[in-house]
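See structure below.
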Ligand code: XMP
């Protein structure tokens with residue numbers, strides 16, 4: 001292993017991730033672990049150079065204050081504490097901006113080296129994946145999203161043809177998205193890729209289903225079924241690759257951190273698939289996952305793509321999905337993305353997309369009355385997707401997008417711009 005490690009023990013701080021990122025920003029790899037780790041558990045981690053006891057407001061759990069095990073003080077690894085009055089550490093950090101004390105602790109007290117970078121991370125992970133997998137096979141559901149794409153590239157580097165990728169096209173992908181996954185992974189990275197066009201099957205199941213939650217459930221469970229069917233056709237698979245990233249683990253709750261939301265990867269694949277998991281990105285934050293993708297040579301567009309919901313365009317073709325409206329969503333979304341890129345807004349705006357409601361309005365085309373659908377444009381900025389503000393898009397850009405949608409997208413006679421922040425609106429409509 002190339003990297004030194006600083007272990008942050010979670011004693012109820014709400015700033016564990018901020019601290020982890022601060023230490024990584026200083027070039028030293030850091031991980032957050034539960035407060036009750038044993039001395040043996042600590043010794044089993046590789047290259048531990050220092051420990052931060054990170055206390056805070058959630059330190060009282062079920063009426064009791066959580067403490068680290070006494071035995072940790074005898075392991076002989078330098079320690080520092082933050083907001084943890086009972087600690088026996090010599091060094092204390094009064095607050096996270098105290099950059100100088102943190103640096104002194106890392107580089108003088110612990111003797112850590114600033115050797116955390118993506119090149120080393122990839123080399124270490126390749127070695128770890130090879131140790132775990134040996135000459136056996138790994139299966140990966142490759143959606144084409146940032147996380148699954150980066151895991152795929154990393155696994156290809158580590159175990160090559162022992163990786164089997166399955167890309168399920170549920171018919172709700174954006175324009176040319178599945179084609180691009182096949183081109184990059186099969187043609188350029190020479191991955192062992194199974195492409196399943198399940199569009200008809202998904203659209204059939206979704207016919208006449210208007211309730212948003214019901215739509216999501218159908219898409220999620222159908223995805224699992226298709227994936228299981230494909231996995232059943234393969235022989236000798238022992239591992240399942242997953243694009244789990246660090247916030248998925250942290251937000252799902254630790255012993256002292258409150259659960260933010262539970263995360264499901266690949267649409268919540270069932271535990272009884274009986275595969276061992278390979279999750280090489282599980283210690284990375286999103287920006288680090290992107291940096292890893294770039295280092296692995298993935299195309300910029302794939303690595304820096306905006307978030308896209310698992311149920312895809314299915315939650316943007318409002319109400320019961322029909323093929324004409326689904327095409328209107330897909331085409332208008334492609335136009336919006338093209339024009340935003342042309343105006344440089346793709347690098348500025350966090351998320352932007354179109355939706356098509358399931359009602360029509362009156363209009364006029366070629367001097368005749370028409371009764372057609374409308375496209376709603378949504379463009380928002382956010383830090384964590386919990387709240388969002390509306391982007392003040394330049395009027396000329398909006399005019400150009402509108403002009404093109406009205407000229408190029410069939411069955412549409414009206415374009416609107418959504419002015420609603422989150423809350424009260426959510427980012428997606430369904
Ligand atoms: P909302 O609509 O809840 O969306 O404000 C917040 C962010 O989450 C994305 N989103 C999803 N992402 N699976 C995902 O991976 C989903 O089912 C899903 N639903 C919403 C949404 O695009 C926005 O970025």
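The values are calculated or read from the model by the stated rules, or taken from the named source; none is laboratory data. All values derive from a computational prediction rather than experimental measurement. So basically every Cβ, Gly included, is an ideal-geometry build from the backbone, and we count neighbours across all protein chains shown.
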Among the candidates 403, 391, 428, 410, which residue alone is within 16 Å of the ligand (Cβ to nearest atom), at pLDDT 95 or above and in the same structural domain as residue 338 (by TED's automatic domain parsing)? 391
If residue 310 meets every condition in (1) within 21 Å of residue 169 (Cβ to Cβ); (2) not in a loop (DSSP other than H, G, I, E, B) apart from one, which number is that one? (2)
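Would you pick out the residues in the range 2-27 that are under 14 Å from residue 115 (Cα atoms) and not in a strand (DSSP E or B)?
Here is the first cut: in the range 2-27, the ones under 14 Å from residue 115 (Cα atoms) are 2-6, 23-27.
The answer is 2, 3, 4, 23, 24, 25, 26, 27.
Could you list, in sequence order, the residues of the range 413-425 that are within 16 Å of the ligand (Cβ to nearest atom) and in contact (Cβ under 8 Å) with a residue 24 or more places away in the chain? Explain how you work it out, then say what you get.
First, the residues of the range 413-425 that are within 16 Å of the ligand (Cβ to nearest atom): 418-425.
Across the range 413-425, the qualifying residues are 418, 419, 420, 421, 422, 423.
For every residue, the table says whether it meets (1) farther than 30 Å from residue 221 by Cα; (2) within 16 Å of the ligand (Cβ to nearest atom).
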{"position": "111", "(1), (2)": "yes, no"}
{"position": "128", "(1), (2)": "yes, no"}
{"position": "133", "(1), (2)": "no, no"}
{"position": "138", "(1), (2)": "no, no"}
{"position": "147", "(1), (2)": "no, yes"}
{"position": "153", "(1), (2)": "no, no"}
{"position": "167", "(1), (2)": "no, no"}
{"position": "183", "(1), (2)": "no, no"}
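Residues of the range 82-113 being part of a loop (DSSP other than H, G, I, E, B) and surrounded by 14 or more Cβ atoms within 10 Å (Cβ to Cβ), which ones? Don't jump to the end; show me each part of the working.
We begin by selecting, within the range 82-113, every residue part of a loop (DSSP other than H, G, I, E, B); these are 83-90, 94-98, 110-113.
Answer for the range 82-113, where residues must be part of a loop (DSSP other than H, G, I, E, B) and surrounded by 14 or more Cβ atoms within 10 Å (Cβ to Cβ): 83, 84, 87, 89, 96, 98, 110, 112, 113.
Looking only at the range 313-329, count every residue that is in a helix (DSSP H, G or I) and within 16 Å of the ligand (Cβ to nearest atom) and tell me the total. Write out each step before concluding.
Taking the range 313-329 as the starting set, the residues that turn out to be in a helix (DSSP H, G or I) are 313-315, 323-329.
Pick out the ones that are also within 16 Å of the ligand (Cβ to nearest atom) and you get 313-315, 329.
Adding up the residues that qualify gives 4.
Does residue 138 satisfy being within 30 Å of residue 193 (Cβ to Cβ) and buried (at least 20 other Cβ atoms within 10 Å of the Cβ)? If you could, list the steps in order and put the result at the bottom.
Details: within 30 Å of residue 193 (Cβ to Cβ): yes; buried (at least 20 other Cβ atoms within 10 Å of the Cβ): yes.
Judged against the criteria, residue 138 is a match.
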